[in-house]
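Undergrad: Sharing a structure here in structure tokens format.
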């Protein structure tokens, strides 16, 4: 499958978005949006997906070693259901475990001053999720 892929990192207050290049090879941050409500958030993301000609949306979901759904995982699944009603893009789940930690490490490696690292990492975490998905070769 070729075409842009959008990644979503759901948080309680913010939602990070990342987008792939047109070949579906490289992820980059897109933006962070403030959470309003599931329906409104899904509508906004579906609109962005349409504008960017996205063929697939990767929703980050925490996967526990026991494979049990946590409250965050259930939230991600419900959000994906809302998203499916508003877009024709294929929706897939991808393990987001440790994506925020990896985003923090990326900021450290980029020599971002510690004071500046305290900001939001939602879009960078979404890019970490998306790049992991792209690198896996498991695109559907």
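A short reminder: the numbers here are calculations on the coordinates, not readings from a lab. Just so we're clear, the structure is a prediction, and the values are computed from it rather than from any experiment. Note that each Cβ is placed from the backbone with ideal geometry, even for glycine, and that neighbours are counted across all protein chains shown.
Undergrad: Stretch residue 97-residue 78 to full length: gain in nm at 0.36 nm per residue minus the Cα-Cα span?
TA: Extending this stretch completely gives an extra 5.0 nm.
Undergrad: If you don't mind, another one. For the pair residue 37/residue 53, report the inter-label distance in nm, with labels modelled 7 Å from Cα in the Cβ direction.
TA: So the label points at residue 37 and residue 53 sit 3.4 nm apart.
Undergrad: Right, something else. For residue 44 and residue 70, what does the FRET efficiency come to when R0 = 30 Å and r is the distance between their Cβ atoms, rounded to the nearest 0.05?
TA: 0.75
Undergrad: Same structure, new question: Could you list 50, 37 in order of exposure, starting from the residue whose Cβ has the fewest other Cβ atoms within 10 Å?
TA: 37, 50
Undergrad: Turning to a different aspect of this structure: What is the extension gain from residue 85 to residue 13, computed as 0.36 nm multiplied by their sequence separation minus the C-alpha to C-alpha distance, in nm to one decimal?
TA: Working it through step by step, the gained length comes to 23.7 nm.
Undergrad: Need one word for the stretch 20-77: rounded, prolate or oblate. Basis is the Cα gyration tensor (sqrt eigenvalues a ≥ b ≥ c); a/c below 1.5 gives rounded, then a/b vs b/c decides.
TA: oblate
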